[in-house]
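Presented below is the structure to which this report refers.
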């Protein structure tokens, strides 16, 4: 089932008319930046039965998650009129619409994984060249972990980072 997309201006008009804006991103992404009034309902826990009656507008960061999960979103809407915010929160912001930003929240978990993995690979390469070749194994270990995460959907580094002191509220 194809879900119609709405521009940020059209979405704002629909929200004023009573539509509910649903943010399907993870809780850590929503905590860092969100559209005021959006209900956070991560994709893996989507349940529109708890929402008020009326149309539902789904959004993510860039629109990719909403578009690739359009069938699941339409099913979760349970027969209500449903839409996708074109370009997600990135396009909302680019069109001059306000977002609520809380810089005190930790970086999104996947950004932390990218930073940690990239730093460990770089460290392994630098130490491998400057200290001893066995340090290249660190880069290989991180690469293998990323391959495992891509193949299984389970990321050990993300699991470890989730339990770090700065992310305790998210764990």
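The values are calculated or read from the model by the stated rules, or taken from the named source; none is laboratory data. Computed from a prediction, not measured in an experiment: that's the story for all the values here. Virtual Cβ from ideal backbone geometry, glycine too; neighbours counted across all protein chains shown.
Restricting the stretch 62-71 to residues that are surrounded by 14 or more Cβ atoms within 10 Å (Cβ to Cβ) and farther than 14 Å from residue 8 by Cβ, which is farthest from the chain's Cα centre (by Cα)?
My answer is 70.
When you look at residue 138, is it at pLDDT 95 or above, surrounded by 14 or more Cβ atoms within 10 Å (Cβ to Cβ) and not assigned by TED's automatic domain parsing to the domain that holds residue 31, yes or no?
Yes; evaluated as a whole, the condition is true for this residue.
Among the residues of the stretch 116-127, is there at least one that is surrounded by 12 or more Cβ atoms within 10 Å (Cβ to Cβ), within 19 Å of the chain's Cα centre (by Cα), over 30 Å from residue 53 (Cα atoms) and at pLDDT 90 or above?
Filtering the stretch 116-127 down to residues surrounded by 12 or more Cβ atoms within 10 Å (Cβ to Cβ) leaves 116-117, 120-127.
After this cut, where a residue has to be within 19 Å of the chain's Cα centre (by Cα) as well, the list is 116-117.
The next check asks that each one be over 30 Å from residue 53 (Cα atoms); those that pass are 116-117.
From the residues that got through so far, the ones that are at pLDDT 90 or above too are 116-117.
Yes, the stretch 116-127 contains a residue that is surrounded by 12 or more Cβ atoms within 10 Å (Cβ to Cβ), within 19 Å of the chain's Cα centre (by Cα), over 30 Å from residue 53 (Cα atoms) and at pLDDT 90 or above.
At pLDDT below 90 and surrounded by fewer than 19 Cβ atoms within 10 Å (Cβ to Cβ): which single residue out of 96, 79 fits that description? Even if it seems obvious, please write down each step before you answer.
On the way: 96 fails: at pLDDT below 90.
Among 96, 79, only 79 is at pLDDT below 90 and surrounded by fewer than 19 Cβ atoms within 10 Å (Cβ to Cβ).
For the stretch 131-171, give me each residue that is out of contact with any helix residue (DSSP H, G or I) (no Cβ under 7 Å at 6 or more places or on another chain), closer than 22 Å to residue 103 by Cβ and in a helix (DSSP H, G or I).
Matches in the stretch 131-171: 165, 166.
Does the stretch 141-155 contain any residue that is within 17 Å of the chain's Cα centre (by Cα), under 18 Å from residue 41 (Cβ atoms) and in contact (Cβ under 8 Å) with a residue 24 or more places away in the chain?
No, the stretch 141-155 has no match at all.
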